[in-house]
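Please read the structure below before turning to the comments.
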């Protein structure tokens with residue numbers, strides 16, 4: 001893929017399902033390559049970004065030839081969020097965790113490809129305790145590669161950038177020597193609430209006859225009611241108002257996707273019914289959302305090589321159930337055309353692992369400003385990928401991924 005419409009070029013390492021990619025596209029970048037080691041996530045990225053080649057592989061093991069054949073003569077930006085479990089306050093703070101070395105694999109690609117800018121995402125724990133030793137080493141290596149780090153390294157809360165979720169993440173922003181220094185964005189004063197994000201969504205249990213798998217078909221009268229009750233935030237996510245610089249997608253607004261809802265036992269329903277806003281269920285340790293607040297951090301759970309554990313999911317603010325993947329995607333600022341894997345487990349992992357697109361967009365706009373670029377909105381509308389990719393098993397996705405390039 002090559003850039004068009006005077007748009008700068010980016011690649012996404014550790015791409016996941018594509019939250020970081022989408023935010024950069026919304027800011028005006030063309031993401032010309034994504035790299036993701038999990039084949040299920042790679043398939044979802046390929047589905048949602050049909051113009052972007054996806055390498056399903058280990059960033060640390062790829063050769064320069066494998067990457068560079070997808071790139072034009074110059075590269076404007078490298079983005080990526082290396083796995084963070086070794087640094088997380090939820091983890092063991094293990095300096096010997098092999099995953100810690102992936103931040104240096106990211107640095108290696110910055111050194112080899114020499115983009116004008118880079119942006120790396122991780123957890124705030126990278127600035128804390130013994131992890132600070134690794135952060136200091138990482139910054140030294142970036143500087144040795146010819147980059148200035150925008151100091152101090154910032155921990156940003158997604159809720160300050162139009163995302164209805166309190167989610168704090170660390171970002172390291174670097175500018176190649178000789179380029180204008182990119183700055184961090186300033187927080188917004190207005191916060192989006194849970195009500196803004198999901199109050200318009202119907203409870204699918206109320207009309208199960210319309211549900212097919214993870215999809216619900218909304219008849220015209222229901223669509224009219226949904227859009228009439230939608231907040232400005234939702235109208236933007238559904239493409240009804242506002243403008244970003246992403247490629248438009250062909251999608252069916254009558255399909256409410258990623259909408260399977262967990263069927264709880266009567267005992268659990270009774271407990272959830274009694275929860276007050278922000279209250280924690282003492283048995284499940286799940287917390288009920290507050291309509292007029294923000295969602296707490298949505299987490300991904302563990303990979304298949306670490307037990308396939310499901311991360312705690314919030315309880316809906318009105319219904320006695322956990323939220324659906326579509327509700328989680330709304331709380332993460334994904335647009336309604338964006339599809340996750342059909343299963344709840346993979347779908348929640350894909351949301352929980354992602355950089356919220358609106359936060360990524362705010363950062364991308366700062367880099368665009370430092371570059372002095374003036375990208376335009378594409379007039380090409382993209383058709384999303386093969387719907388079979390939304391249901392792939394790990395092994396099937398792994399087999400197919402070898403045929404994509």
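Within region 97-112, at least one residue is assigned by TED's automatic domain parsing to the domain that holds residue 177, modelled with pLDDT under 95 and not in a helix (DSSP H, G or I). Looking only at region 220-232, decide whether some residue is within 29 Å of residue 378 (Cβ to Cβ), buried (at least 18 other Cβ atoms within 10 Å of the Cβ) and under 22 Å from the mean Cα position of the chain (by Cα). No, region 220-232 has no match at all.
Rundown of residues vs (1) assigned by TED's automatic domain parsing to the domain that holds residue 121; (2) buried (at least 24 other Cβ atoms within 10 Å of the Cβ), yes/no style:
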{"site": "317", "(1), (2)": "no, no"}
{"site": "330", "(1), (2)": "no, yes"}
{"site": "365", "(1), (2)": "yes, no"}
{"site": "371", "(1), (2)": "yes, no"}
{"site": "380", "(1), (2)": "yes, no"}
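Considering only region 127-139, I want to know if a residue exists there that is crowded, with 17+ Cβ neighbours inside 10 Å, under 15 Å from residue 332 (Cα atoms) and assigned by TED's automatic domain parsing to the domain that holds residue 368. No, that holds for no residue. Looking only at residues in region 205-253 that are in contact with a strand residue (DSSP E or B) (Cβ under 6 Å, 6 or more places away or on another chain) and assigned to a loop (DSSP other than H, G, I, E, B), which one is modelled with the lowest pLDDT? Applying the filter and picking the extreme gives 218. All conditions in (1) touching a helix residue (DSSP H, G or I) at 6+ places or on another chain (Cβ under 7 Å); (2) in a loop (DSSP other than H, G, I, E, B); (3) modelled with pLDDT under 95 hold for residue 70, with the sole exception of (1).
Let's see how each residue does on (1) at pLDDT below 95; (2) within 25 Å of residue 135 (Cα to Cα):
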site: 11; (1), (2): no, yes
site: 17; (1), (2): no, no
site: 22; (1), (2): no, no
site: 25; (1), (2): no, no
site: 31; (1), (2): no, no
site: 36; (1), (2): no, yes
site: 42; (1), (2): no, no
site: 52; (1), (2): no, no
site: 62; (1), (2): yes, yes
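When residue 264 is tested against (1) assigned by TED's automatic domain parsing to the domain that holds residue 316; (2) part of a helix (DSSP H, G or I), just one condition goes unmet, and that condition is (2). More than 22 Å from the chain's Cα centre (by Cα), farther than 25 Å from residue 230 by Cβ and at pLDDT below 95, is that true of residue 264? The answer is yes for residue 264.
Quick one: in region 41-56, of everything that is over 15 Å from the mean Cα position of the chain (by Cα) and outside any strand (DSSP E or B), which residue is surrounded by the most Cβ atoms within 10 Å (Cβ to Cβ)? Among them, the one singled out is 52.
When we screen 156, 201 for residues that are in contact (Cβ under 8 Å) with a residue 40 or more places away in the chain and in the same structural domain as residue 81 (by TED's automatic domain parsing), the only hit is 156.
The values are calculated or read from the model by the stated rules, or taken from the named source; none is laboratory data. No experiment lies behind these values; they were computed from the predicted model shown. All Cβ positions, glycine included, derive from the backbone under ideal geometry; neighbour counts span all protein chains shown.
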